[in-house]
Amino acid sequence: MASETWKRWVTGPSEHVSPTNLHRADLAVVVIGFLAQPGLVAAVASLLRQDCAAEVVVVNSGGGGAGALLSEFSGRIRVIDIERPLRVGAARNIGIDATQAPYVGFLAGDCIARPGWVSARLQRHAKGSRAVASAIALPDLRNAPALAAHLLLFGLRSPQIHPAYALRYGASYKRDVFAEFGYFNTAARIAEDSSFAQRLGRQVFAAWAPEVQTEHANPQTGWSLTQDLYARGFRAARGKPSDKASPTPLAQFKTVSANARQRRRAANKIATDFIGLDQSALAAVKPFLSIGSWAYSVGAARGARQLERTYRLASTEEHDSPLQNISLLESAVSMDGENIALRLLCADAYRNVDDAKSEAHLNMAMELSCFHDVHAERQLAWLRERNLVAQADAFDRRLRYCLPAFARQIGAEPIP
């Protein structure tokens with residue numbers, strides 16, 4: 001019987017459909033769905049067609065009826081359907097806790113696992129690797145927008161990349177890694193896998209397994225490429241804060257142009273030096289590399305400008321009375337909801353004014369803080385300074401499984 005531990009990551013309604021004929025498997029695969037997107041069917045089917053059986057759990061959030069969508073696989077997979085939308089990190093953690101296999105991998109609901117995806121991972125794990133990183137397969141070379149997206153976003157995860165240059169994402173892990181190092185950030189909109197890998201550092205360095213290949217759903221047209229790359233650039237800027245003043249329009253144009261040129265050149269080098277595209281494919285993809293590079297760089301610039309505005313608002317709050325400027329604080333949070341300091345300013349500002357809103361901001365600050373040692377330490381100090389004993393105790397309990405190494409440092413007993 002599967003553990004109910006996964007429910008610690010869930011608030012609100014959820015549905016859970018268990019498999020009726022679950023066989024022992026060495027790899028659990030968490031398929032991450034959102035709004036029960038149609039691609040979930042192909043993602044699950046690709047796992048059930050593998051030459052080596054896997055324990056499959058679909059964690060879908062935001063509703064949409066994943067159980068009904070995946071009814072053709074009834075009895076063979078576990079489906080957890082969460083009504084509330086979740087970040088990817090939370091979905092990952094639910095899947096980890098809902099499965100039993102000694103190794104755990106992840107597959108996005110819009111991706112497909114190529115043949116050998118399971119068995120090749122297990123072979124690498126069997127040789128002693130606690131983490132195994134995978135490649136993103138090249139799309140159809142005849143679709144230039146899709147190929148451009150691949151080169152710009154996943155070029156260094158192509159199967160042809162030399163191990164010294166490979167970006168080691170798409171990893172599966174030995175289950176005890178989570179007991180030792182904790183779980184994925186549940187509040188981060190992007191890069192929850194990057195921050196987790198940084199926490200592991202060289203203690204658990206992922207083996208590069210180019211034979212483990214995932215097909216990614218890339219944009220198929222120039223317009224969809226532009227939209228996708230712009231949105232990715234905008235989101236990426238949120239993870240690279242800067243407190244510098246906004247440059248002049250001319251300086252900003254030069255920065256965007258330089259960034260776009262650097263991205264285009266890097267993608268072109270990957271295409272020629274590692275993948276070895278022929279001249280016809282290179283000629284077809286180059287215009288889309290330019291379009292995608294510019295779209296990403298413009299999105300990143302706009303995201304950076306929005307962050308700068310956030311910092312200016314936050315700076316104002318540090319010098320004025322927060323109680324008189326709640327609307328400014330909320331405006332800042334709307335632009336940078338993962339800013340812990342802003343969340344805590346809001347929690348203070350709302351105290352004795354609107355306890356429910358104060359608690360909501362504090363809960364988000366604690367959720368953001370419990371996956372990084374420095375943030376966790378500051379959060380505990382903040383709570384204790386205000387004599388918020390119950391909240392400090394709750395935060396301490398969460399640290400025991402989200403950040404067990406830090407919990408040991410402060411004398412708390414980790415919770416598996």
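Here, each number is a calculation from the coordinates, and none is a lab measurement. Everything numeric in this text was worked out from a predicted model, so none of it was measured. Because the Cβ atoms are built from the backbone with ideal geometry, glycine has one as well, and the counts that use them run over all protein chains shown.
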*asked:* Amide H of Val212 versus every other amide H placed in the peptide plane: which residues, excluding those fewer than 5 positions away on the same chain, fall under 5 Å?
replied: Ala135
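Using Cα pairs closer than 8 Å and at least 6 residues apart in sequence, work out the relative contact order for the chain, in percent.
After rounding, I find 14 percent.
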*State the antiparallel share, in %, of DSSP beta bridges confined to the stretch 1-160, rounding to the nearest 5.*
20 percent
_Calculate the FRET efficiency for Arg84 and Gln262 from the Cβ-Cβ distance with a Förster distance of 45 Å, rounded to the nearest 0.05._
0.70
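For Asp273 and Ala68, what does the FRET efficiency come to when R0 = 51 Å and r is the distance between their Cβ atoms, rounded to the nearest 0.05?
According to the calculation, E is roughly 0.60.
Is it possible to state the helix-based mean residue ellipticity at 222 nm for the chain, with each DSSP H run of 4+ residues giving -39500 (n - 2.57), the sum divided by total residues, to the nearest 500 deg cm²/dmol? What is it? Mind showing how you got there, number by number?
Values: 16 runs with 208 residues, N = 416.
The helix contribution divided over the chain gives -16000 deg cm²/dmol.
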*Report, largest value first, the span of the C-alpha coordinates of the stretch 75-162 along each principal axis, in whole Å.*
39, 38, 25
*Amide H neighbours of Ala108 under 5 Å, at least 5 residues apart or on other chains, H built in the peptide plane: list them.*
Ile32
*Taking a point 7 angstrom from the Cα of Thr221 along the C-beta vector, which residues in the stretch 115-144 have backbone N less than 20 Å away?*
140-144
*Would you compute, for the Cα atoms of the chain, the largest minus smallest coordinate along each principal axis and list the three values in descending order, in whole Å?*
63, 62, 41
_Solution diffusion estimate, µm²/s, Stokes-Einstein, the stretch 321-409, Kirkwood Rh from C-alpha pairs, 10 °C, viscosity 1.306 mPa s_ = 120 µm²/s
*How do Ile161, Ile94 rank when sorted from fewest to most other Cβ atoms within 10 Å of their own Cβ?*
Ile161, Ile94
*asked:* Compute a Gaussian network model of the chain, connecting alpha carbons closer than 10 Å, and tell me which residue from Phe106, Phe253, Phe73 fluctuates the most.
replied: Phe253
_Looking only at Cβ-Cβ distances, which cysteines of the chain have no other cysteine closer than 4.7 Å?_
Cys52, Cys111, Cys346
